[in-house]
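The structure appears below as structure tokens.
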There are 2 protein chains.
Amino acid sequence: MSQTSIGIGLLGAGVVGGGVAKVLRDKAGPLGALTGRPVTLEGVLVRDIGKDRPDGPPVVLLTTNIDDILDNPRVHVVVELMGGETPALDYMLKSISLGKHVVTANKEVMARHGPEILALAQKKGVQVLFEASVAGGTPIIAPLLRDLVANDVLTIHAIINGTTNYILTRMAQEGVDFDVALKEAQELGYAEADPTNDVEGVDAAYKLAILSTLSFRARVKDTDVHREGITRLTASDFLYASELGYAIKLLAIASREDGAVQVRVHPAFVPADVMIAKVDGVLNAVEIETDLAGRVLFHGRGAGSMPTASAVIADIVDIARNVAGDVVPPASLKLSEDVRIRPMLDLETKYYLRLNVADRSGVLAQIASVLGQLDISIASFIQKKSDEAAQTAEIVLMTHRAKEASMQEALQLLEALEVVVGVGNMVRVEEWQS
Amino acid sequence: MSQTSIGIGLLGAGVVGGGVAKVLRDKAGPLGALTGRPVTLEGVLVRDIGKDRPDGPPVVLLTTNIDDILDNPRVHVVVELMGGETPALDYMLKSISLGKHVVTANKEVMARHGPEILALAQKKGVQVLFEASVAGGTPIIAPLLRDLVANDVLTIHAIINGTTNYILTRMAQEGVDFDVALKEAQELGYAEADPTNDVEGVDAAYKLAILSTLSFRARVKDTDVHREGITRLTASDFLYASELGYAIKLLAIASREDGAVQVRVHPAFVPADVMIAKVDGVLNAVEIETDLAGRVLFHGRGAGSMPTASAVIADIVDIARNVAGDVVPPASLKLSEDVRIRPMLDLETKYYLRLNVADRSGVLAQIASVLGQLDISIASFIQKKSDEAAQTAEIVLMTHRAKEASMQEALQLLEALEVVVGVGNMVRVEEWQS
């Protein structure tokens, strides 16, 4: 390989890839000074060479053939920014097999195949870095592996999907329903035409799987994550939450107890005075609670061309410095085999319940009786909005800590009560000890 | 040197040193697995060997003679946790000269002599790491040098003194005056008997000098920092701030414009809805605004035995991995020579003014006239608390952006006005563009 420059092969020239190409060009001087060698873009894999790229890489570097990147001996680092599992995974594995380092922002591939990819990389003596795969421009993976390395991670609470946080922020601030806020997010380009991956928590589950694997040094897959989206939340849930002193956030939560890991993505009531309740709009935040450092929170942009490029280039510089110094960095991730995923039904937490009930006396007694049989005790109770025509009323309950299994059973029993018109919503309540 | 273990020589066995010794002992297994070699405590420099250390290092390792550490060939890493400039600086330089790596939490030494220390370290091929010197257990230095490496830092806004943030939080929440809150902080062990270094911003200035040097890759010393403490704030300032939609924080602020760096530590009005306004109690936060990543905020514990040990051990692991892998990491900090420190009088910002004035008509006109002559225009005005006996009133002004030089001149002219009994306080107002 060339000793004079660090060559980059870029897979994908979309929003993020274009940003990386731009920064590599605009900051060529400082990046060369940082790494000790020029960092040069040697080739860019695109789908359509004819596409107009006013601010993109020069046409001479573009190719639609992956082999032009893989077979190029001047490419030391393959930067995968195509997204999706296929063909990105294949290209990454081939790059590693050919002795090329890999930088990726691909949360899907890293959540599903991260440990295998890292194992192959170690075997081949190359680095695979993926800082941009979680929380975009907000540093989280390197700090976890470097700064918090002496810590045992106890819990993670994260807002790692900007689209849903934007929607929830608008619902809270404007009192609008989900559909209205989603449409607005789509118009602003924060949500895709098919918003499923965001609003159903799929994207957050990928990122939580990556964070959990690194934090607990145990294999946690996206399919291990219990996942509920935000589509069932209504404007009234936000009103009640605010009245009760809470924000509603789509949280990605991981915790380890007795060697078992619990991972879940779902809407949660968050006490209004904790930092993560104050994370608004498209911003991301990851709060890591550890045995030594206590709670550490990282907050910033989770997406976007330049923020993501910031993380990608940091990974490139890391690798380039090692290439320039002829250094093989020690593998920083050893996974233990013996972790158990704790089932969601083992959860114990507080719950918010919004019920639509018949507006007559004795209703609360019936509900309390159902809950009481299952050892769920009521902490507070609000009755709101009688609908005189329909003779119904909306009631809101906050419970003390109870078992998820009991709550699931209670929801079925409540639905079956003649006085219950319907369960409006159940939202879990997260607690922070100060 | 021994190939079988990474030896640590500890200077200081106080709160932090004791914590580091405890973690090295309690986590010996995992730390050895992380670094590939056992990490062993080889000696501890203390002032008094006879002192009772129930949870501390074994007596056999204690010494009062620095040469026992420096001359010990099994010590690869000297961990300096004595604090203060003398003799810590001397011991660090000697360690480096002898080819030993250094980890330190010493903000004073790093603020004053950091660049010289790092230059000597590079010459001697050893590492000097100092993550714990700023914001304790909250990762900030490694993320700056690693994750944000591709960014140009534009501004830093930081709460990096837990003592003063605790005092200000109590003043805001309880409506108490400075003296009361300070006494409480002293009783809780958050403030020292002589609180000068904290309440006058000296400690924050050290840390800001370190952050600025790293962020701007330019030598910034603690003596370059314009520094004002929190002793002049009163309960009434917090009432007015709250009424106007602000929190009051002791901010450490650095910015670069046109190649000049401005560094200052002073109380500031912070809009209540920005993240840093919500950092309460002894917690720390550093917000870094960059060209690519936008605003990134790091939040967590800035002091304490275990949080600080978390940062110190992360640095030890970093070095131990390199020692185990026989790796000389490239110097990550190259300073430019040509930075100018922008004088405080060049600042342009908004101001909060609290004045004690004669309670009669025409007073505001006189004040507005003085300000107007100096191109300071009033954005809003509150009159409060007439004191009928003294025939005085308290008035509060918020200005538009104005020059610091003009404001300083205005303060003198206002003091000289016959209708002004006294300037109660002037506090600068920080703005965040969204």
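So, in segment A:70-112, how many residues would count as being small (G, A, S), touching a strand residue (DSSP E or B) at 6+ places or on another chain (Cβ under 7 Å) and surrounded by fewer than 19 Cβ atoms within 10 Å (Cβ to Cβ)?
Looking only at segment A:70-112, we keep the residues that are small (G, A, S), and these are A:83-84, A:88, A:95, A:97, A:99, A:105, A:111.
Pick out the ones that are also touching a strand residue (DSSP E or B) at 6+ places or on another chain (Cβ under 7 Å) and you get A:88, A:95.
Now narrow it down to the ones that are surrounded by fewer than 19 Cβ atoms within 10 Å (Cβ to Cβ): none.
Counting residues in segment A:70-112 that are small (G, A, S), touching a strand residue (DSSP E or B) at 6+ places or on another chain (Cβ under 7 Å) and surrounded by fewer than 19 Cβ atoms within 10 Å (Cβ to Cβ) gives 0.
List, please: which pairs have Cβ atoms under 6 Å, are six or more places apart or on different chains, and start with a residue in segment B:107-134 that is within 14 Å of B:G83 (Cα to Cα) and end with one that is surrounded by fewer than 19 Cβ atoms within 10 Å (Cβ to Cβ)?
The qualifying pairs are B:E108/B:E85; B:V109/B:E85.
Taking segment A:175-202 as the region of interest, how many residues are touching a residue at least 24 places away in the same chain (Cβ under 8 Å) and either part of a helix (DSSP H, G or I) or of a type in the set (F, W, Y) (or both)?
Total meeting the criteria: 5.
I'm checking my understanding of the structure. Among residues of segment B:419-434 that are charged (D, E, K, R) and modelled with pLDDT of 95 or more, which one is surrounded by the most Cβ atoms within 10 Å (Cβ to Cβ)?
Taking segment B:419-434 first, the residues charged (D, E, K, R) are B:428, B:430-431.
Those still in the list that are modelled with pLDDT of 95 or more too: B:428, B:430.
Values: B:R428: 19, B:E430: 21.
Applying the filter and picking the extreme gives B:E430.
Determine, yes or no, whether B:G201 is more than 30 Å from A:M306 (Cα to Cα) and surrounded by fewer than 24 Cβ atoms within 10 Å (Cβ to Cβ).
Values: more than 30 Å from A:M306 (Cα to Cα): yes; surrounded by fewer than 24 Cβ atoms within 10 Å (Cβ to Cβ): no.
So B:G201 fails the test.
Checking the structure you have, find out if any residue of segment A:42-58 is modelled with pLDDT of 95 or more and not aliphatic (A, V, I, L, M).
So far as segment A:42-58 goes, yes, one or more of its residues are modelled with pLDDT of 95 or more and not aliphatic (A, V, I, L, M).
For the structure I just gave you, tell me whether B:R25 is farther than 28 Å from B:S97 by Cβ, in contact (Cβ under 8 Å) with a residue 12 or more places away in the chain and in contact with a Leu (Cβ under 8 Å, 6 or more places away or on another chain). Before the answer, list the steps.
On the way: farther than 28 Å from B:S97 by Cβ: yes; in contact (Cβ under 8 Å) with a residue 12 or more places away in the chain: yes; in contact with a Leu (Cβ under 8 Å, 6 or more places away or on another chain): yes.
Against the criterion (farther than 28 Å from B:S97 by Cβ, in contact (Cβ under 8 Å) with a residue 12 or more places away in the chain and in contact with a Leu (Cβ under 8 Å, 6 or more places away or on another chain)), B:R25 qualifies.
So, in segment B:369-401, exactly how many residues are of a type in the set (G, A, S) and at pLDDT 95 or above? Break it down stepwise before answering.
Step one: list which residues in segment B:369-401 are of a type in the set (G, A, S), which gives B:369, B:372, B:377, B:379-380, B:386, B:389-390, B:393.
Next cut, at pLDDT 95 or above only: B:369, B:372, B:377, B:379.
Going through segment B:369-401 one residue at a time, the tally reaches 4.
Given the condition outside the structural domain of A:A241 (by TED's automatic domain parsing), in a strand (DSSP E or B) and among the acidic types (D, E), answer yes or no: does some residue in segment A:401-415 qualify?
Initial filter on segment A:401-415 (outside the structural domain of A:A241 (by TED's automatic domain parsing)): A:401-415.
With in a strand (DSSP E or B) added as a condition, the list becomes A:402-403.
The next check asks that each one be among the acidic types (D, E); those that pass are none.
Among the residues of segment A:401-415, not one is outside the structural domain of A:A241 (by TED's automatic domain parsing), in a strand (DSSP E or B) and among the acidic types (D, E), which makes the answer no.
Can you name the number of the only condition in (1) in contact with a His (Cβ under 8 Å, 6 or more places away or on another chain); (2) within 12 Å of another protein chain (Cβ to nearest Cβ); (3) more than 24 Å from B:P195 (Cβ to Cβ) that B:V126 fails?
Condition (2) is where B:V126 drops out.
Restricting to segment B:344-368, what's the tally of residues that are under 29 Å from the mean Cα position of the chain (by Cα), in contact (Cβ under 8 Å) with a residue 60 or more places away in the chain and not in a helix (DSSP H, G or I)? If you could, list the steps in order and put the result at the bottom.
Pass one, segment B:344-368, residues under 29 Å from the mean Cα position of the chain (by Cα): B:344-354.
From what is left, the residues that are in contact (Cβ under 8 Å) with a residue 60 or more places away in the chain are B:344-347, B:349-354.
Adding the requirement that they be not in a helix (DSSP H, G or I) leaves B:347, B:349-354.
Result for segment B:344-368: 7.
Out of segment A:281-339, which residues are surrounded by 20 or more Cβ atoms within 10 Å (Cβ to Cβ), more than 9 Å from chain B (Cβ to nearest Cβ), small (G, A, S) and under 26 Å from B:T35 (Cβ atoms)?
Listed by number, the list holds a single entry, A:A320.
Only one residue in B:L397, B:L371 is over 30 Å from B:V79 (Cβ atoms), part of a strand (DSSP E or B) and more than 12 Å from chain A (Cβ to nearest Cβ). Which one?
Details: B:L371 fails: part of a strand (DSSP E or B).
Being over 30 Å from B:V79 (Cβ atoms), part of a strand (DSSP E or B) and more than 12 Å from chain A (Cβ to nearest Cβ) holds for just one of B:L397, B:L371, which is B:L397.
Taking A:V263 and the conditions (1) within 10 Å of another protein chain (Cβ to nearest Cβ); (2) under 23 Å from A:G201 (Cβ atoms), which numbered condition does it fall short on, given that it satisfies the others?
All conditions are met except number (1).
Kindly provide the set of residues from segment B:143-177 that are polar (S, T, N, Q) and within 17 Å of B:E192 (Cβ to Cβ), ordered by number. Walk me through it before giving the result.
Filtering segment B:143-177 down to residues polar (S, T, N, Q) leaves B:151, B:155, B:161, B:163-165, B:169, B:173.
Of everything in segment B:143-177, those that are polar (S, T, N, Q) and within 17 Å of B:E192 (Cβ to Cβ) turn out to be B:N161, B:T163, B:T164, B:N165.
Quick one: A:A209 ticks every box in (1) within 17 Å of A:A285 (Cβ to Cβ); (2) hydrophobic (A, V, I, L, M, F, W, C); (3) under 13 Å from the mean Cα position of the chain (by Cα) except a single one, so which number is it?
Every condition holds for A:A209 apart from (1).
For a quick check of your reading of the model, give me the residue pairs whose first member lies in segment B:153-174 and is closer than 19 Å to B:V263 by Cα, whose second is aromatic (F, W, Y) and assigned to a helix (DSSP H, G or I), with beta-carbon atoms closer than 8 Å and at least 6 apart or on different chains.
B:V153/B:F216
From the list A:A119, A:A142, A:A205, A:A150, which one is of a type outside the set (K, R), part of a helix (DSSP H, G or I) and within 14 Å of chain B (Cβ to nearest Cβ)?
Working: A:A119 fails: within 14 Å of chain B (Cβ to nearest Cβ); A:A205 fails: within 14 Å of chain B (Cβ to nearest Cβ); A:A150 fails: part of a helix (DSSP H, G or I).
Among A:A119, A:A142, A:A205, A:A150, only A:A142 is of a type outside the set (K, R), part of a helix (DSSP H, G or I) and within 14 Å of chain B (Cβ to nearest Cβ).
Can you pull out the residues in segment B:226-259 that are over 21 Å from the mean Cα position of the chain (by Cα) and among the hydrophobic types (A, V, I, L, M, F, W, C)?
Step one: filter segment B:226-259 for residues over 21 Å from the mean Cα position of the chain (by Cα), giving B:234-246, B:257-259.
Answer for segment B:226-259, where residues must be over 21 Å from the mean Cα position of the chain (by Cα) and among the hydrophobic types (A, V, I, L, M, F, W, C): B:A235, B:F238, B:L239, B:A241, B:L244.
Return a yes/no flag: does segment B:108-119 have any residue that is of a type in the set (V, I, T) and not assigned by TED's automatic domain parsing to the domain that holds B:V261.
Narrowing segment B:108-119 to residues of a type in the set (V, I, T): B:109, B:117.
Filter once more, keeping what is not assigned by TED's automatic domain parsing to the domain that holds B:V261: B:109, B:117.
Checked segment B:108-119: at least one residue is of a type in the set (V, I, T) and not assigned by TED's automatic domain parsing to the domain that holds B:V261.
How about segment A:128-187: which of its residues are in contact with a Gly (Cβ under 9 Å, 6 or more places away or on another chain) and at positive phi?
A:A135, A:G136
Condition first: of a type in the set (V, I, T), under 28 Å from the mean Cα position of the chain (by Cα) and outside any loop (DSSP other than H, G, I, E, B). Now tell me which residues in segment A:314-343 satisfy that.
First, pick out the residues of segment A:314-343 that are of a type in the set (V, I, T): A:316-317, A:319, A:323, A:327-328, A:339, A:341.
From what is left, the residues that are under 28 Å from the mean Cα position of the chain (by Cα) are A:316-317, A:319, A:339, A:341.
Residues satisfying the conditions are A:I316, A:V317, A:I319, A:I341.
Quick check on B:A135: is it closer than 19 Å to B:R295 by Cα, in contact with a Phe, Trp or Tyr (Cβ under 8 Å, 6 or more places away or on another chain), surrounded by 24 or more Cβ atoms within 10 Å (Cβ to Cβ) and within 13 Å of chain A (Cβ to nearest Cβ)? Let's see the steps before the verdict.
On the way: closer than 19 Å to B:R295 by Cα: yes; in contact with a Phe, Trp or Tyr (Cβ under 8 Å, 6 or more places away or on another chain): yes; surrounded by 24 or more Cβ atoms within 10 Å (Cβ to Cβ): yes; within 13 Å of chain A (Cβ to nearest Cβ): yes.
For B:A135, the condition - closer than 19 Å to B:R295 by Cα, in contact with a Phe, Trp or Tyr (Cβ under 8 Å, 6 or more places away or on another chain), surrounded by 24 or more Cβ atoms within 10 Å (Cβ to Cβ) and within 13 Å of chain A (Cβ to nearest Cβ) - is met.
Which of (1) of a type outside the set (S, T, Y); (2) surrounded by fewer than 21 Cβ atoms within 10 Å (Cβ to Cβ); (3) more than 19 Å from B:A324 (Cα to Cα); (4) touching a Leu at 6+ places or on another chain (Cβ under 6 Å) does B:G17 not meet, given it meets every other one?
It fails just one condition, (2).
If you scan segment A:240-254, which residues turn out to be surrounded by 15 or more Cβ atoms within 10 Å (Cβ to Cβ), assigned to a helix (DSSP H, G or I) and not small (G, A, S)?
A:Y240
In this structure, is A:G36 in contact with a helix residue (DSSP H, G or I) (Cβ under 6 Å, 6 or more places away or on another chain), over 17 Å from A:S310 (Cβ atoms) and not aliphatic (A, V, I, L, M)? It would help to see each step written out before you state the result.
Numbers: in contact with a helix residue (DSSP H, G or I) (Cβ under 6 Å, 6 or more places away or on another chain): yes; over 17 Å from A:S310 (Cβ atoms): yes; not aliphatic (A, V, I, L, M): yes.
Judged against the criteria, A:G36 is a match.
Looking only at helices (runs of 4 or more DSSP H) that lie completely in segment A:4-107, which have at least 3 residues being closer than 27 Å to B:N151 by Cβ, over 24 Å from the mean Cα position of the chain (by Cα) and within 14 Å of chain B (Cβ to nearest Cβ)?
Details: elements: A:15-26, A:28-35, A:66-70, A:88-97.
Helices (runs of 4 or more DSSP H) meeting the threshold: A:15-26, A:28-35.
The values are calculated or read from the model by the stated rules, or taken from the named source; none is laboratory data. Here the structure is a predicted model, which means the values were calculated and not measured. For neighbour counting, all protein chains shown are included, and Cβ atoms are generated from backbone atoms with ideal geometry for every residue, glycine included.
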